[in-house]
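Participant: Quick one: structure below, then a few questions.
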Amino acid sequence: MTNTLFVGKNLIELDSIDSTNNFAKNLLSNSKPPEGSVVWAKEQFAGRGQMGNNWATEGGKNITISIILYPDFLEADKQFFLNMAVALAIKDFCEFVTGDEVKIKWPNDIYFRNHKLGGVLIENSISGSR
């Protein structure tokens, strides 16, 4: 069991998938998994990047996850704060691991020594003002 408040308590581990986001969206269309559910793939062959670009990974050498959250407290016009919090958390973690500076190219790219490490793609379903 993970030592976390709720993210990762429900872990869906996949060997290979087109996109962890697609898998999570399909899961959400058929059920309501617990908040903090993580979809993790060892290999992703058709993830989505900016402007329709694919984000493919080499099996076992990348972190490809989607996390299902229900931020009901967050108003629709403030949703970018979630993107900011996630990007800053990834930056802090990468700096902890590398011991060196990591940069964010807003709104969603993470860079280390002028090389793109990855990106943050947040997809929302908005109901009313939330």
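The values are calculated or read from the model by the stated rules, or taken from the named source; none is laboratory data. None of these values were measured; they are calculated from a predicted model. Every residue, glycine among them, receives a Cβ derived from its backbone with ideal geometry; neighbour counts consider all protein chains shown. In case anyone asks, the SASA skips ligands and DNA or RNA and just uses the protein heavy atoms, side chains included. Shrake-Rupley method; radii C 1.70, N 1.55, O 1.52, S 1.80 Å.
Participant: Can you tell me which residues in the range 69-99 are charged (D, E, K, R) and open to solvent by less than 60 Å² (accessible area, probe 1.4 Å)? First the steps, then the outcome.
Facilitator: Quick first cut of the range 69-99, residues charged (D, E, K, R) only: 72, 75, 77-78, 91-92, 95.
Answer for the range 69-99, where residues must be charged (D, E, K, R) and open to solvent by less than 60 Å² (accessible area, probe 1.4 Å): Lys91, Glu95.
Participant: Would you be able to say whether some residue in the range 37-51 is of a type outside the set (A, V, I, L, M, F, W, C), open to solvent by less than 50 Å² (accessible area, probe 1.4 Å), part of a loop (DSSP other than H, G, I, E, B) and modelled with pLDDT of 90 or more?
Facilitator: So in the range 37-51, the residues of a type outside the set (A, V, I, L, M, F, W, C) come out as 37, 42-44, 47-50.
This time we only want the ones that are open to solvent by less than 50 Å² (accessible area, probe 1.4 Å), so: 37, 44, 47, 49.
Cutting the leftovers down to part of a loop (DSSP other than H, G, I, E, B) gives us 37, 49.
Among the residues that remain, those that are also modelled with pLDDT of 90 or more are: 37.
Yes, the range 37-51 contains at least one residue that is of a type outside the set (A, V, I, L, M, F, W, C), open to solvent by less than 50 Å² (accessible area, probe 1.4 Å), part of a loop (DSSP other than H, G, I, E, B) and modelled with pLDDT of 90 or more.
Participant: Another question, then. Give the residues of the range 1-18 that are without any contact (Cβ under 8 Å) to a residue 40 or more places away in the chain and of a type in the set (S, T, N, Q), sorted by residue number.
Facilitator: Thr2, Asn3, Thr4, Asn10
Participant: For the structure I just gave you, tell me whether Glu58 is part of a strand (DSSP E or B) and either closer than 22 Å to Trp106 by Cα or acidic (Asp, Glu) (or both). It would help to see each step written out before you state the result.
Facilitator: Values: part of a strand (DSSP E or B): no; either closer than 22 Å to Trp106 by Cα or acidic (Asp, Glu) (or both): yes.
Considered against the rule, which asks whether it is part of a strand (DSSP E or B) and either closer than 22 Å to Trp106 by Cα or acidic (Asp, Glu) (or both), Glu58 comes out as no.
Participant: Scan the range 67-95 and report the pairs whose first residue is more than 20 Å from Val38 (Cα to Cα) and whose second residue is open to solvent by 80 Å² or more (accessible area, probe 1.4 Å) and assigned to a helix (DSSP H, G or I), with Cβ atoms within less than 9 Å and a gap of 6+ or a chain change.
Facilitator: Once the first residue is more than 20 Å from Val38 (Cα to Cα) and sits in the range 67-95, its partners that are open to solvent by 80 Å² or more (accessible area, probe 1.4 Å) and assigned to a helix (DSSP H, G or I) give Leu74/Phe81.
Participant: Based on this model, can you work out whether Asp15 counts as under 22 Å from Gly128 (Cα atoms) and surrounded by fewer than 13 Cβ atoms within 10 Å (Cβ to Cβ)? Give the steps one after another, and end with the answer.
Facilitator: Details: under 22 Å from Gly128 (Cα atoms): no; surrounded by fewer than 13 Cβ atoms within 10 Å (Cβ to Cβ): yes.
Taking the combined requirement at face value, the residue does not satisfy it.
Participant: OK, next. Going by the conditions given, is Gly36 without any contact (Cβ under 8 Å) to a residue 40 or more places away in the chain, in contact with a Ser or Thr (Cβ under 9 Å, 6 or more places away or on another chain) and at positive phi?
Facilitator: Working: without any contact (Cβ under 8 Å) to a residue 40 or more places away in the chain: yes; in contact with a Ser or Thr (Cβ under 9 Å, 6 or more places away or on another chain): yes; at positive phi: yes.
Taking the combined requirement at face value, the residue satisfies it.
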